[in-house]
Amino acid sequence: MTQDERWMIRYKEVVGFMVKEHRKPSKYYLEEKLMFHFIHHNKKLYNAGSLKPEHKRL
């Protein structure tokens, strides 16, 4: 499994959570912590300008 495939799986998990729960994941709940860090890390990459173009579209 490549990193892009893992990124897409995590992305779909986060989007599914946000659609179902109508909110962003919280860093205070263990079940949601990985999703929160995924969002936070990608936001940092986006602001630094190092996020991949195909990930920016999503």
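The values are calculated or read from the model by the stated rules, or taken from the named source; none is laboratory data. Here the structure is a predicted model, which means the values were calculated and not measured. Here Cβ is always computed from backbone atoms with ideal geometry, including for glycine, and neighbour counts include all displayed protein chains. Surface areas here come from the heavy atoms of the whole protein model, side chains and all, with no ligands, DNA or RNA. Shrake-Rupley method; radii C 1.70, N 1.55, O 1.52, S 1.80 Å.
As an exercise, identify the chymotrypsin sites (Phe, Trp or Tyr not before Pro) in the chain lying in DSSP coil whose Cβ has no more than 13 other Cβ atoms within 10 Å.
Details: sites: 7, 11, 17, 28, 29, 36, 38, 46; in loops: 28, 29.
Sites meeting the loop and neighbour criteria: 28, 29.
Compute the length gained on full extension between residue 34 and residue 22: take 0.36 nm times their separation in residues and subtract their Cα-Cα distance, giving the result in nm to one decimal. Could you put the intermediate results ahead of the total?
Working: separation 12, 0.36 × 12 = 4.32 nm, distance 1.76 nm.
Fully extending the segment from residue 34 to residue 22 adds 2.6 nm.
Can you give me the accessible area per residue for the chain, using a 1.4 Å probe, in Å²?
Working: 4930 Å² over 58 residues.
Solvent-accessible surface per residue comes out at 85 Å².
Largest first and in whole Å, what are the equivalent-ellipsoid semi-axes of the chain based on the Cα gyration tensor, each being the root of 5 times an eigenvalue?
Details: eigenvalues 77, 35, 24 Å².
Working from the Cα gyration tensor, I get semi-axes of 20, 13, 11 Å.
Work out the charge dipole of the chain with +1 on the Cβ of Lys and Arg and -1 on the Cβ of Asp and Glu about the Cα centre, then indicate which of 50, 22, 37 is farthest towards its positive end.
Projecting each Cα onto the dipole axis, the largest value belongs to 50.
So what does residue 56 come to for accessible area, using a 1.4 Å probe and Å² rounded to 10?
Answer for residue 56: close to 100 Å² accessible.
Across segment 42-57, in residue order, what do the Karplus-derived ³J(HN,Hα) couplings come to in whole Hz, using 6.51 cos²θ - 1.76 cosθ + 1.60 with θ = phi - 60° and x for Gly and Pro?
With coefficients 6.51, -1.76 and 1.60, one gets 5, 5, 5, 5, 4, 5, 7, x, 10, 6, 4, x, 5, 7, 4, 4 Hz.
Which value, in Å² and to the nearest 10, is the accessible area of residue 40 when all protein chains are kept and the probe is 1.4 Å?
For residue 40, solvent-accessible area is about 90 Å².
Setting aside same-chain residues fewer than 8 positions from residue 43, which lysines have a Cα under 17 Å from its Cα?
12, 24, 27, 33, 52, 56
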